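I have placed the structure first, in the form of structure tokens, so that the comments after it can refer back to it.
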Amino acid sequence: MNIRDVFHFAALTALVGWFLVVGGGVLLPLVVAVMLTYVLIGASQGLRKLPGLSLLPIWFSYVMALTLFGLALVTISLIAVSNLRDIARTAPDSQDNILALAGRIGSMFGIEDTPSWDTLLALTLDRLDVPDMSLHLLSSVASAGGYVVLIGTYMVFMVAERGPMTVKIEMVLPDTTERGNARHVFDQINDQIVTYLSTKTLINAILGIVSYALMWLMGMDNAVFWAFFVAIFNYIPYVGSLIAVVVIVFYRALMTGDFGVILTTVVLLTAAQVYVGNWLEPRVMSRSLNLSPLTVLVALVVWGSLWGLPGAIIAVPMTSIVMIILASFKSTRAVAVLASRDGEIT
């Protein structure tokens, strides 16, 4: 790669980055729909391997997979709403726990006067614009609902376009060599994304079940909701599980105000995260994506900066797609080699 190629690649990267920022509102639901379509295709292929279902039409397996996906989404939403309502209802009962915890923390630093509830409110909630935050929250919920409908619509049309798309590719690429190369790239992207998302989902489900068991043993309220919370945030590499543990420990501190309970929560949930993140996940995920840890960290920062939390969740599969595309061209293959785990690019 000469200096001119480096300049062109840097200019193209800057242009694409600008386009992703400006068009994020349009591109994000489309990209999420593509990712979920990969999952839907993988799930439908898995259903067809079950006894008796292989004889059914392909479209029926898609309908079954989409139905199961929709039921899972509705179930998670209902659990989240129900548990959030319980958390909001029990929040006033945590006042004494908060005061007791604040007094213990103050005594650790030599502060003997325990602050009153009015003092804590003046230092925290009274400084916040609660009406504005409520409007912002309602707007975010409404926007998320619109995104869900749009993503579902995209998925339906993407599945319907799979057959005609093959014919269109043959028309656009009449040369058999170019057509074969294009199909190879698409097959590579399909295999890696389906493998990553399905395996990551399985790992997150295991982590959620283990976390639920630990929280149930500790007698923690709304354990199902917090288990879902841990599982979803574990899609974010490195920092997602840490954020989930911090939020749960903070909630536990507000509900109990007991240092022993808080310490037990930290130890048990951290042990579960370490087991899954440092032992189970590396063995199950293996080297399927061939991305170096530094590449994953940079990708997390970049995609998170572009599209926020959804960008952080899809950072790894998006980077994997970019890497496959870069490896397909001689002029950009060096970038893919540098971003890989071991330098071996097939």
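Where a number appears in this text, it was derived from the coordinates with a stated rule and is not lab data. Quick caveat: nothing in here was measured; it's all calculated off a predicted structure. Cβ placement follows ideal geometry from the backbone for every residue including glycine, while neighbour counts extend to all protein chains displayed.
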- Set of lysines with alpha-carbon distance to Lys49 below 22 Å, sequence-local pairs under 8 removed: Lys200
- Starting at the first residue of the range 307-314, write each ³J(HN,Hα) from the Karplus equation 6.51 cos²θ - 1.76 cosθ + 1.60 with θ = phi - 60°, in whole Hz, x for Gly and Pro. 10, x, 4, x, x, 5, 5, 9
- Note on the structure: Listed by chain and number, the lysines with an alpha carbon less than 23 angstrom from that of Lys168, same-chain partners under 8 positions apart left out, are none
- Message: If neighbour count is taken as other Cβ atoms inside 10 Å, put Arg48, Arg341 in order from fewest to most.
- Response: Arg341, Arg48
- Amide H neighbours of Leu291 under 5 Å, at least 5 residues apart or on other chains, H built in the peptide plane: list them. Arg341
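Only counting other Cβ atoms within 10 Å, I'd like Phe259, Phe9, Phe157 sorted with the fewest neighbours first. Before the final figure, lay out each step's value.
Working: Phe259 13, Phe9 16, Phe157 10.
So the ranking, lowest neighbour count to highest, is Phe157, Phe259, Phe9.
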- Task: Starting with the fewest neighbours, write out Lys200, Lys330 ranked by other beta-carbon atoms found within 10 Å of each beta-carbon.
- Result: Lys330, Lys200
